[in-house]
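The values are calculated or read from the model by the stated rules, or taken from the named source; none is laboratory data. Predicted model, so just to flag it, every value in this text is computed and none were measured. All Cβ positions, glycine included, derive from the backbone under ideal geometry; neighbour counts span all protein chains shown.
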Amino acid sequence: MADPISTPSTSPIASVIESLKQVVGAQGWSTDEAERRSHATDWVGRFFADPLLVLKPSTTFEVSEIARICNDNGLKIVPQGGNTSLACGSIPTGQGDEVIVNLSRLNRIRDIDMFNDTISVDAGCTLASVQQAAEQADRLFPLKLGSEGSCQIGGNIASNAGGTNVLRYGNMRDLVLGLEVVLADGRILDGMRALRKDNTGYDLKHVFIGSEGTLGIVTGAVLKLFPMPSTAVAAVCTVPSLQSALDLLILCKKHGGESLTTFELMPRAGLELVFKHFPSTRFPLGELQDWQLLIEFRSNDGEERVRELFETILSQAFESELVVDAAIAQSIQQNRDFWALREGLAEADFMEGAVITTDISLPLSAVPAFMDACSRAVLAIVPTGRVIAFGHLGDGNIHFGLLQPLGSDSEQFLSRGNEIQSIIHTMALSMNGSMSAEHGLGFVKNDAVAQYRSQVEHDLMLTMKAALDPKSTLNLGKVLRIENGAFSACKT
């Protein structure tokens, strides 16, 4: 692809680029090589494809004009929020003349309605800024992710983000009431309605939630808020088996109801890496077991009531031999320390070495059998590999990964990524699961719909893409593999 700086000024594409620059003004574009590279490299630094330029519009109208110009002139748009996608969903693919449209300047909190318990925001607001705005209004926006300081609301919507609070509050799809979306041809779909009931035709927002920017560019959203819980109490438990963990989950739901917010799975091997790479972390119990749980209840019933609830549950769990040991946090700081164990798992993996990761969801009843069968299958391929499986057990979302053998070559190990992931994905599908629970497909899994979904589902998705984006202007090569050019992004 030609460097946009050296593109002859008389070329048609140079004229289009000048038009795009005029739309966003002097502060809204860059052809600087370093900035292009930073925006065009994926979150973990493995892939890069050079865009013509990076555009940073500051209004929905500017996004609309960009879409119209690109659609009319054959340029491809890569919508981008915080670029935290783990599936390479927000970087160029090299399949044409691509421009990145980064929404970070669309960052206004438009409105907070205390009576309606809603917040209306620009898509470029970071998740953390929305959480803070809600907190200042004594409300909770419950989406909770490790990347919340960087990821943006538009990307959360485009990927139907999950996280650690799905058990109680649902995915991002469940938190959205209204959307403002710029279509591929530049038209603006204004659906910024803060209604919990509206049966006036098709609910179009759900077309765009989870579409990864392939059907439209989200520029604004109306989001649900909830009462701010006054008390949050966490506990760390060790359990003798995964089946015991599931039995404990039933017990927590029975006694805790909706106050059960978090039920996270932490493996021995993963926590050993957390302690290795984050020496300040401490395990609150005597010995690690193969499986640990982080459980949290949030409530407005008061701390004493929540602690009594925990004690009731754990008393029954000990009696039924569902837990080996348990510790309830005794302070806010200890609550944070417990969370640090869970939040350190993914980062510790990457610090340890090359890791082949997946994003599986399963019916809860299938989790023990999946873990056993999948571990045996991948270790048959890489006998000295290290299985690290953790995640949101409460909603069936497991991040099943294989860490490179000690002393092995990382590139050689990663070259087997497709083979190992295929084993894991096939295993999940055989148990009525999914190979993409919350991370999306991006371009790294853009063959998944054709491979794992029915022909009818695949045909319907292609029909939707053709209807909303007939020129494939938006995020070409993501979610669906459209054969008009081979993927050519290169490893960094």
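Regarding the range 211-223, can at least one residue be identified that is over 30 Å from residue 470 (Cβ atoms) and either in contact with a Leu (Cβ under 6 Å, 6 or more places away or on another chain) or crowded, with 23+ Cβ neighbours inside 10 Å (or both)? Reasoning before the result, please.
Residues of the range 211-223 that are over 30 Å from residue 470 (Cβ atoms), as a first pass: 223.
Adding the requirement that they be either in contact with a Leu (Cβ under 6 Å, 6 or more places away or on another chain) or crowded, with 23+ Cβ neighbours inside 10 Å (or both) leaves 223.
The answer is yes; a qualifying residue exists.
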### Summary
Every listed condition ((1) at pLDDT below 95; (2) under 18 Å from the mean Cα position of the chain (by Cα); (3) more than 19 Å from residue 285 (Cβ to Cβ)) holds for residue 343 save (3)
### Members of the range 42-54 that are over 17 Å from residue 96 (Cβ atoms) and surrounded by fewer than 19 Cβ atoms within 10 Å (Cβ to Cβ)
44, 45, 46
### Message
Taking the condition of being more than 15 Å from residue 87 (Cα to Cα) and aliphatic (A, V, I, L, M), how many residues in the range 37-60 meet it?
### Response
4
### Query
How many of the residues making up the range 82-129 are closer than 25 Å to residue 27 by Cα, of a type in the set (Val, Ile, Thr) and at pLDDT below 90?
2
### Query
Among the residues of the range 392-411, is there at least one that is more than 19 Å from the chain's Cα centre (by Cα), part of a strand (DSSP E or B) and buried (at least 18 other Cβ atoms within 10 Å of the Cβ)?
yes
### Query
Mind checking which residues of the range 363-391 are buried (at least 16 other Cβ atoms within 10 Å of the Cβ) and farther than 30 Å from residue 253 by Cβ?
378, 382, 385, 386
### Cβ pairs under 7 Å, 6+ apart, first in the range 343-355 and without any contact (Cβ under 8 Å) to a residue 60 or more places away in the chain, second of a type in the set (D, E, K, R)
355/349
### Query
Taking strands (runs of 3 or more DSSP E) that do not extend beyond the range 36-110, which have at least 3 residues that are touching a residue at least 60 places away in the same chain (Cβ under 8 Å) and more than 25 Å from residue 134 (Cβ to Cβ)?
76-80, 98-102
### Task
List the number of the failed condition for residue 112; all other conditions in (1) of a type in the set (Val, Ile, Thr); (2) touching a strand residue (DSSP E or B) at 6+ places or on another chain (Cβ under 7 Å); (3) crowded, with 20+ Cβ neighbours inside 10 Å hold.
(3)
### Task
State whether the residues of the range 86-106 include one that is surrounded by 22 or more Cβ atoms within 10 Å (Cβ to Cβ) and of a type in the set (Lys, Arg).
no
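Applying the selection to the range 162-198, what residues are within 24 Å of residue 112 (Cα to Cα), in a loop (DSSP other than H, G, I, E, B) and not hydrophobic (A, V, I, L, M, F, W, C)? It would help to see each step written out before you state the result.
From the range 162-198, those within 24 Å of residue 112 (Cα to Cα) are 162-163, 165-166, 168-182, 188-198; that's our starting set.
Now narrow it down to the ones that are in a loop (DSSP other than H, G, I, E, B): 162-163, 165, 170-171, 192-198.
Scanning the range 162-198 gives 162, 163, 165, 170, 171, 193, 196, 197, 198.
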### Query
If a residue has to be over 22 Å from residue 271 (Cβ atoms) and in contact with a strand residue (DSSP E or B) (Cβ under 9 Å, 6 or more places away or on another chain) to count, how many in the range 363-387 make the cut?
1
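If I go through the range 259-307 residue by residue, how many of them are within 19 Å of residue 394 (Cβ to Cβ), assigned to a helix (DSSP H, G or I) and either within 23 Å of the chain's Cα centre (by Cα) or of a type in the set (A, V, I, L, M) (or both)?
Initially, the range 259-307 is screened for residues within 19 Å of residue 394 (Cβ to Cβ), giving 259-267, 270-271, 289-299, 306.
Going one step further and asking which of them are assigned to a helix (DSSP H, G or I), we end up with 259, 270-271, 306.
Those left that are additionally either within 23 Å of the chain's Cα centre (by Cα) or of a type in the set (A, V, I, L, M) (or both): 270-271, 306.
The total comes to 3.
Sort through 204, 246, 225 and tell me the only one that's at pLDDT 95 or above and over 20 Å from residue 157 (Cα atoms). If you could, list the steps in order and put the result at the bottom.
Working: 204 fails: over 20 Å from residue 157 (Cα atoms); 225 fails: over 20 Å from residue 157 (Cα atoms).
Answer to the check: 246.
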### Summary
Quick count over the range 138-182, residues being farther than 30 Å from residue 342 by Cβ and touching a Leu at 6+ places or on another chain (Cβ under 6 Å), is 1
### Message
For the range 170-186, give me the residue count where each residue is over 28 Å from residue 394 (Cβ atoms) and buried (at least 22 other Cβ atoms within 10 Å of the Cβ).
### Response
4
### Task
Confirm whether residue 247 is more than 27 Å from the chain's Cα centre (by Cα) and either surrounded by 15 or more Cβ atoms within 10 Å (Cβ to Cβ) or farther than 19 Å from residue 335 by Cβ (or both).
yes
### Query
Checking residue 318 against (1) within 27 Å of residue 228 (Cα to Cα); (2) not assigned by TED's automatic domain parsing to the domain that holds residue 414, which single condition isn't satisfied?
(1)
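So which of 337, 325, 359 ends up being assigned by TED's automatic domain parsing to the domain that holds residue 262, of a type in the set (Asp, Glu) and in contact with a Ser or Thr (Cβ under 6 Å, 6 or more places away or on another chain)?
Values: 337 fails: in contact with a Ser or Thr (Cβ under 6 Å, 6 or more places away or on another chain); 359 fails: assigned by TED's automatic domain parsing to the domain that holds residue 262.
On inspection, the qualifying residue turns out to be 325.
Here's the yes/no breakdown for (1) among the β-branched types (Val, Ile, Thr); (2) in contact with a His (Cβ under 9 Å, 6 or more places away or on another chain); (3) assigned by TED's automatic domain parsing to the domain that holds residue 197:
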{"site": "236", "(1), (2), (3)": "yes, no, no"}
{"site": "241", "(1), (2), (3)": "no, no, no"}
{"site": "257", "(1), (2), (3)": "no, no, no"}
{"site": "263", "(1), (2), (3)": "no, yes, no"}
{"site": "269", "(1), (2), (3)": "no, no, no"}
{"site": "275", "(1), (2), (3)": "no, no, no"}
{"site": "281", "(1), (2), (3)": "yes, no, no"}
{"site": "284", "(1), (2), (3)": "no, no, no"}
{"site": "302", "(1), (2), (3)": "no, no, no"}
